[in-house]
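Structure, as structure tokens:
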Amino acid sequence: MTIHRTLALAAALPALLFGVAACAPPAATETTATETTAGTRAPEAAAGFGVDNAGARERIARSGLALLAAEGNVEHFHAHLDLIKDATPVPVPANIGISLGQDGKPDGISALHTHDTSGVIHIESPTAGQVFTLGQLLTEWGVLTGTGPPGSGQGPADGWTAYVNGARYDAGIRDLPLKHHDQIVVSFGATPATIPSSYEFPPNE
């Protein structure tokens, strides 16, 4: 998917799929923890870490989540993810957890998704109390599947180190629960000079 199609998809979603429950994207002038500690994000996906929205329906089902007609509004919170490989940021793609129909238009959304490349993870569920995990997001994204070499987009989750709010998380990155305003870093290879411990979320998020 080219950047032009990604931007077109992001622009089309509010009109085609979502109601008033949709979140506003971060302001373009926002300064994030990632920009100041791990380098500025490129708008295009790094090799092997893009997202294929045509296959999203199957991956959402594989993650154990439902394909919804619109974002839920019973439970609504956000976390932030930085993916870093050899001390270099890997952009988190827009539109993880969003499926396309045969006509190329959005036709469903998971409660767990992204809207843009800021790294903000949106949890907008129609039910309360469900635990959402980083593993589910990775499955929806289609990365760290264990079918490729270590450190690649399709490589195993083993060898990646997770941090939550600046503290190392050793219980396994796939089982890491996503919580309100958590700052999550997943790193492979050279340890970043700085592990961000917080993220400046946009107002009302």
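The values are calculated or read from the model by the stated rules, or taken from the named source; none is laboratory data. All of these numbers come straight from a predicted model, not from anything done at the bench. Methodologically, a virtual Cβ is constructed for each residue, glycine included, from the backbone with ideal geometry; neighbour enumeration extends over all protein chains shown.
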Filter segment 120-138 for residues that are in contact with a Pro (Cβ under 8 Å, 6 or more places away or on another chain) and in a loop (DSSP other than H, G, I, E, B); the one that is surrounded by the fewest Cβ atoms within 10 Å (Cβ to Cβ) is VAL131
Of the residues in segment 105-119, those that are in contact with a strand residue (DSSP E or B) (Cβ under 8 Å, 6 or more places away or on another chain) and either part of a helix (DSSP H, G or I) or over 30 Å from THR191 (Cβ atoms) (or both) come to PRO106, ASP107, GLY108, ILE109, SER110, ALA111
Scan segment 109-119 for residues that are surrounded by fewer than 23 Cβ atoms within 10 Å (Cβ to Cβ) and either among the β-branched types (Val, Ile, Thr) or within 16 Å of GLN136 (Cβ to Cβ) (or both) and jot them down. THR117
Filter segment 183-199 down to residues that are on the phi < 0 side of the Ramachandran plot, out of contact with any His (no Cβ under 7 Å at 6 or more places or on another chain) and surrounded by 15 or more Cβ atoms within 10 Å (Cβ to Cβ), then give me how many there are. 7
If ILE184 meets every condition in (1) in contact with a strand residue (DSSP E or B) (Cβ under 6 Å, 6 or more places away or on another chain); (2) farther than 14 Å from PRO89 by Cα; (3) aliphatic (A, V, I, L, M) apart from one, which number is that one? (2)
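With respect to PRO192, determine if the residue is at pLDDT below 95, within 19 Å of PRO150 (Cα to Cα) and in contact with an Asp or Glu (Cβ under 9 Å, 6 or more places away or on another chain).
For PRO192, the condition - at pLDDT below 95, within 19 Å of PRO150 (Cα to Cα) and in contact with an Asp or Glu (Cβ under 9 Å, 6 or more places away or on another chain) - is met.
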Go through the residues of segment 138-160 one by one and say whether even a single one is more than 19 Å from GLY48 (Cβ to Cβ) and at pLDDT 95 or above. no
Subset of segment 71-107, residues among the polar types (S, T, N, Q), at negative phi and in contact with a helix residue (DSSP H, G or I) (Cβ under 8 Å, 6 or more places away or on another chain), comes to SER99
